[in-house]
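Asker: Let me begin by handing over the structure; questions about it come next.
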Amino acid sequence: MYLSNFLETMRNYTSSSSLTGLISRSTDIIVGISAFIIAILWIPIAFSFFSADEQRKYQSYGRAKNAAIGTLIYVLAISGTLFAIFKYIAVG
């Protein structure tokens, strides 16, 4: 009786542990892919920022500002902070 309860508890613990590990690995993969995508999207801005052409440099300042704001909004959305802010505004 006690042995079967112990084995049942260990099975539940192991499956829960596996699920937690799976979620942790999935989160790591998603964050890695997101960081890669953001880095790829910043490359054209960096090229124009370090360009010799003054007009492209001037345009890149505005693009860099917009990209920084977009990156900040993306990070807030992924982390759940944006949801918390909207929930606080809506519910109070």
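The values are calculated or read from the model by the stated rules, or taken from the named source; none is laboratory data. Bear in mind that the values here come from a model prediction, so they are computed numbers and not experimental data. Cβ atoms come from the backbone with ideal geometry, glycine included; neighbour counts cover every protein chain shown.
Asker: Kindly check whether there is at least one residue in segment 28-47 that is at pLDDT below 85 and touching a helix residue (DSSP H, G or I) at 6+ places or on another chain (Cβ under 6 Å).
Answerer: The answer is no; no qualifying residue exists.
Asker: OK, next. Give the residues of segment 82-92 that are modelled with pLDDT under 80 and either surrounded by 11 or more Cβ atoms within 10 Å (Cβ to Cβ) or touching a Leu at 6+ places or on another chain (Cβ under 6 Å) (or both), sorted by residue number.
Answerer: Across segment 82-92, the qualifying residues are LEU82, PHE83.
Asker: Inspect segment 31-53 for any residue being surrounded by 12 or more Cβ atoms within 10 Å (Cβ to Cβ) and of a type in the set (D, E, K, R) and give the result as yes or no.
Answerer: The answer is no, given that none of the residues of segment 31-53 is surrounded by 12 or more Cβ atoms within 10 Å (Cβ to Cβ) and of a type in the set (D, E, K, R).
Asker: Has segment 21-39 got any residue that is outside any helix (DSSP H, G or I), within 13 Å of the chain's Cα centre (by Cα) and not polar (S, T, N, Q)?
Answerer: no
Asker: Then there is this: Quick one: ILE78 ticks every box in (1) of a type in the set (A, V, I, L, M); (2) loosely packed, with under 11 Cβ neighbours inside 10 Å; (3) touching a residue at least 12 places away in the same chain (Cβ under 8 Å) except a single one, so which number is it?
Answerer: (2)
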